[in-house]
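Okay, so here's the structure we're looking at.
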Amino acid sequence: MNDREKIHFNNEKFSGFYTILYAYVRVYLENENIYMQIDDLNHNKRSFLLAQNISKLIFKQDDKALKVLICDKSQNECLFKWMFL
């Protein structure tokens, strides 16, 4: 698919021209903050603050799932989420 190619969605009532985006996304813990960094193919980098007061951020991958553990420092609680790959 090329940039500005006309795309038709099956069973949808709209179609149009869309720009294809390519980017690398990085999620990381730094100084008790979780950031998301987006780096496009032109080497433009942008970072966004996602959460504060985080004591732990762990990503684990097994055969069929990606698991994430996020722990809040101030409330001493952890959130565990997973999704199928």
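Wholly within segment 1-70, which strands (runs of 3 or more DSSP E) include no fewer than the required count, namely at least 1 residues that are among the polar types (S, T, N, Q) and at pLDDT 90 or above?
Answer list for segment 1-70: 33-40, 45-52, 54-61.
Starting from segment 39-66, take each residue that is of a type in the set (Lys, Arg) and list its partners that are not in a strand (DSSP E or B), counting only C-beta distances under 8 angstrom and pairs at least six apart or across chains.
The qualifying pairs are Lys64/Leu85.
Within the group Ser55, Ser47, which residue is among the hydroxyl-bearing types (Ser, Thr, Tyr) and out of contact with any Phe, Trp or Tyr (no Cβ under 8 Å at 6 or more places or on another chain)?
Ser55
The values are calculated or read from the model by the stated rules, or taken from the named source; none is laboratory data. Only a predicted model underlies this, so the values are computations on that prediction, with no experimental measurement involved. Because the Cβ atoms are built from the backbone with ideal geometry, glycine has one as well, and the counts that use them run over all protein chains shown.
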